[in-house]
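As structure tokens, the structure follows; a few thoughts come after it.
The values are calculated or read from the model by the stated rules, or taken from the named source; none is laboratory data. The shown structure was predicted, so the numbers you read here are calculated from the model rather than taken from an experiment. We place every Cβ from the backbone using ideal geometry, glycine too, and count neighbours over all the protein chains shown. What goes into the accessible areas is simple: the full protein's heavy atoms, side chains included, and nothing from ligands, DNA or RNA. Shrake-Rupley method; radii C 1.70, N 1.55, O 1.52, S 1.80 Å.
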Amino acid sequence: ELLTVTRPDVVAALHDSFFRVGCDAVETNTFGSFGVVLAEYAIPERAFELSRAGAAIAREVAHGYSTDGRRRYVVGSIGPGTKLPSLGAITYPELRDQYEVMVDGLLEGGVDVLLVETVQDLLQGKAALAACRRAMARAGREVPLMIQVTVETTGRLLIGSEIGAALTALDALRPDVFGLNCATGPAEMT
């Protein structure tokens, strides 16, 4: 995530490579750009800056490709972090508040969509979605919300929730898109 401000040219080139081959959307380089993760590198205060910069770089590149009448989209990547509330490593309010700073930056940087990805813990997913809603209300701007859980080969999330429980718990928070990512391959996810 620090590359976003130390080597924005590298991050922009990566986004450009996706649009150049025909993609309609790119994810921001912000998977871990929030205080929980950044504290491990002694830079938690840079969460807003890194998130905003990550969104702004992607937005600028997308804008350059939106001249052919086809809109290109910027998806704000929001990762799970390194501390799960269900395991007692962080409280729900602490995690939600850390996510909120990140989402403030993503929105200010110009994302079209917010993607809470690689959810391993239902409380972590709920904290992220709540942060998204709070930040959007404060910004006076709503964007679609996507959420993706990651299911292990056991058919459960890392903390043991099965997919039906995840759907029920997270659908109550009204994400616009619910999906799967990571942990296993397509056959196992199916």
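Residue-wise test of (1) among the acidic types (Asp, Glu); (2) part of a helix (DSSP H, G or I).
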{"position": "SER17", "(1), (2)": "no, yes"}
{"position": "ALA62", "(1), (2)": "no, yes"}
{"position": "ALA89", "(1), (2)": "no, no"}
{"position": "GLU108", "(1), (2)": "yes, yes"}
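Evaluating VAL103 against the criteria (1) closer than 25 Å to ARG20 by Cβ; (2) crowded, with 19+ Cβ neighbours inside 10 Å leaves one unmet condition, (1). Scanning segment 141-190 for residues that are charged (D, E, K, R) and part of a helix (DSSP H, G or I), we see that the one that is most open to solvent (accessible area, probe 1.4 Å) is GLU188. Against the conditions (1) within 16 Å of the chain's Cα centre (by Cα); (2) exposed (fewer than 15 other Cβ atoms within 10 Å of the Cβ); (3) over 24 Å from LEU123 (Cα atoms), THR82 satisfies every one except (3).
Given the condition touching a Lys or Arg at 6+ places or on another chain (Cβ under 7 Å) and farther than 14 Å from GLU60 by Cα, answer yes or no: does some residue in segment 25-42 qualify? Scanning segment 25-42, I find at least one residue that is touching a Lys or Arg at 6+ places or on another chain (Cβ under 7 Å) and farther than 14 Å from GLU60 by Cα, so the answer is yes. In a helix (DSSP H, G or I) and over 22 Å from GLU27 (Cβ atoms): is that true of ALA127 in this structure? No; evaluated as a whole, the condition is false for this residue.
THR28 falls short on exactly one of the conditions (1) surrounded by 15 or more Cβ atoms within 10 Å (Cβ to Cβ); (2) out of contact with any strand residue (DSSP E or B) (no Cβ under 7 Å at 6 or more places or on another chain), and that condition is (2).
The residues listed here are ARG96, ARG52; of these, the one that is at pLDDT 95 or above, in contact with a helix residue (DSSP H, G or I) (Cβ under 8 Å, 6 or more places away or on another chain), open to solvent by less than 70 Å² (accessible area, probe 1.4 Å) and charged (D, E, K, R) is ARG96.
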